[in-house]
Amino acid sequence: MIDLRSDTVTRPTPAMRAVMAAAEVGDDVYADDPTVRALEERTAELLGYEAAVYMPSGTMTNQVALRAHTECGDAILCHSHAHIAVLERGAPAALSGLSIIPLAGAGGVFSAAALEAAIPSAHPFIPAVQAPPRLVCIENTHNVGGGTVWPLATLQEVIEAARRLGLRLHLDGARLWNASVASMTSEADLAAGFDSVSVCFSKGLGAPVGSALAGSAAFIARARRFRALFGGGLRQAGLIAAGALFALDHHRERLREDHANAQRLASGLAGIDGIAINADAIVTNIVRFQVETMTAGQFVDRCHAAGVFLLPSGTNGVRALTHLDVSETDVDLAVERIGSVMSEAGRMIEAMP
Ligand SMILES: Cc1ncc(COP(=O)(O)O)c(C=O)c1O
């Protein structure tokens, strides 16, 4: 089975497992785990922030950040397709009492003008009926947007606009590593100007568990309180943190292979009748396309039966991700199998009375 559902399906390599098995550990709730501390320090340094805190998931780092930046009843602004808005099970409302002001823009990227236009006017004739906007969230790369990398100039304009408007800024950098490799810009440069940054080790980097939230020392101390409140205190977490440290050292540069494989997959898919894809828009490891002759659900089921695991996304949309456990040969085989599924469907349509 060629599993293209997500870059989270990777398994730790033998070298990573060896490092994990040998990790020095302690009770991290008492700040006694030297491997977790090393990972937090390394992450903060890489991102250019004072401190970082390790957590079990990207959802938790995002939600702890939201909680630490806001008060119940505030509003946050993010793209209408942001992971925080649509894929975290309503957590901003459920855990922090936040409403969302959704912003539009191609590929998950919005402009400074869109941000400014979404802020309620401060004119005294207009009653303050809206929740006070507090925080802007940017996702880089953008998952639902198709692995988009924010152009640096747009990023800078949005950061400046948010500052002018007195808003705080959070970066959901679950795949910031991919953005860095694709744009040949350091993670620190992409993470500059925010109040907090969330990164994941368990996606393209191939570690089994974990994410980190970075920010100022004062902000991270506050975030630790909410990590505990949300049940995210871990004990001998050095075992898994060691996998993340290994991934930082060994799996960042190789992301360019995943990007090349994603392009190879996209160009292969572009040659199959009944699949609509803009192969030029694929810049990282996320490939999104449309199926024209059946629903995404039917297509995904048939591909699964043919040995390719994909994710449906909407009525006709499909998502495929390349990762550490997918080779160039796997990509070619996947294209071949998907091609057979589509020609079989084409023959069935032609044979219909
Ligand atoms: C952009 C983005 N942010 C956050 C997350 C959440 O990460 P986790 O699955 O570790 O909770 C994901 C997961 O795919 C993601 O794509």
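Assorted remarks:
- Packing rank of 209-217, 3-11, where each peptide gets the mean count of other beta carbons within 10 Å, highest leading: 209-217, 3-11
- Total formal charge among the other residues, if their Cβ is under 13 angstrom from that of Ile220, Lys/Arg +1 and Asp/Glu -1: +1
- Per-residue [θ]222 nm for the chain (sum of -39500 (n - 2.57) over DSSP H runs n ≥ 4, rounded to 500): -13000 deg cm²/dmol
- Short-range pairs are left out: with C-alpha atoms under 8 Å and at least six residues apart, the relative contact order of region 12-250 is 31 percent.
- For region 255-350, with all protein chains in place and a probe radius of 1.4 Å, 48% of the accessible heavy-atom surface sits on carbon or sulfur.
- Scaled to the globular estimate 2.2 N^0.38 Å, the Cα spread of the chain, given as radius of gyration, is 1.04.
- Accessible solvent surface per residue of region 288-332, calculated while the other protein chains remain in place, 1.4 angstrom probe, Å²: 43
- Å² per residue, accessible surface of region 64-105 at 1.4 Å: 39
- Packing, taken as the mean count of other beta carbons within 10 Å per residue, orders the peptides 328-336, 236-244 from highest to lowest as 236-244, 328-336.
- Charge tally for Phe230 (other residues, Cβ to Cβ under 12 Å; Lys, Arg +1; Asp, Glu -1): +4.
The values are calculated or read from the model by the stated rules, or taken from the named source; none is laboratory data. Just so we're clear, the structure is a prediction, and the values are computed from it rather than from any experiment. In this analysis, Cβ positions are derived from the backbone assuming ideal geometry, glycine residues included, and neighbour counts consider all displayed protein chains. With ligands, DNA and RNA removed, areas are computed over all heavy atoms of the protein, side chains included. Shrake-Rupley method; radii C 1.70, N 1.55, O 1.52, S 1.80 Å.
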